[in-house]
Amino acid sequence: MSERDYSETRRDFFKWQVEEAYKTQDGVCTRCGNSLEHGFHRHHKDGNHANNALENLELLCPSCHRATLGDALVKHSEQEQRVLEKLNELIDKALDGKVAGAVVEKLVDAMQLSLRVSRNVSKMDEGIESVPASIEAVKRLQESKILMETYLQGFKDGVRSASKVDDQ
């Protein structure tokens, strides 16, 4: 499928579907079980980006979603390995006094840029989403309710203690 065909057939899941999947998955990645609290990706289980049935949606943590990238992930990993090897060589040269500190800084900057470009080309960080607002609001309401109940219980316990002191 060409890039043009892919973009024409790709459809996104509806917000309600994402919220339902998040609830169904209890806010954890379907592959590794890690929390999705710090971000997640929408993933078409069957690989068909035009199939937006709720049953075809799973929410994955960024690490597990990257694993679905196949060749793009392999190429980026190879790029990371090359950069690490070059970095080790650079450190050895710097320790031997063969490379000046300013040159080391510029080369490290170039290596970081190389990795950022690789991540962008392979779209590794694209599409990370936050917890749906409705889920976050319910969570905050539940936390507020628990805090209020705890406060009230403490207040009642304090009144009972004061009453016992007065009775003595």
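The values are calculated or read from the model by the stated rules, or taken from the named source; none is laboratory data. Remember, predicted model here, so these are calculated numbers, not experimental data. All Cβ positions, glycine included, derive from the backbone under ideal geometry; neighbour counts span all protein chains shown.
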Per-region count, the stretch 47-97, residues out of contact with any His (no Cβ under 9 Å at 6 or more places or on another chain) and not in a helix (DSSP H, G or I): 7
Determine which member of the set ILE91, ILE135 is touching a residue at least 40 places away in the same chain (Cβ under 8 Å) and either aliphatic (A, V, I, L, M) or loosely packed, with under 10 Cβ neighbours inside 10 Å (or both). ILE135
What are the residues in the stretch 63-86 that are at pLDDT below 85, surrounded by 14 or more Cβ atoms within 10 Å (Cβ to Cβ) and either of a type in the set (A, V, I, L, M) or closer than 30 Å to GLU20 by Cα (or both), if any? HIS65, ARG66, THR68, LEU69, ALA72, LEU73, VAL83
May I ask you to say which residue of SER144, SER134 is hydroxyl-bearing (Ser, Thr, Tyr), in a helix (DSSP H, G or I), at pLDDT below 85 and under 30 Å from LYS15 (Cα atoms)? SER134
Could you list, in sequence order, all residues of the stretch 24-47 that are surrounded by 13 or more Cβ atoms within 10 Å (Cβ to Cβ) and either out of contact with any strand residue (DSSP E or B) (no Cβ under 8 Å at 6 or more places or on another chain) or of a type in the set (A, V, I, L, M) (or both)? THR24, VAL28, LEU36, GLU37
Cβ pairs under 8 Å, 6+ apart or interchain, first in the stretch 32-48 and assigned by TED's automatic domain parsing to the domain that holds SER63, second acidic (Asp, Glu), ordered by first then second residue, are GLY39/GLU129; PHE40/GLU129; HIS41/GLU129; ARG42/ASP12; ARG42/GLU129; HIS43/GLU58; LYS45/GLU55; LYS45/GLU58
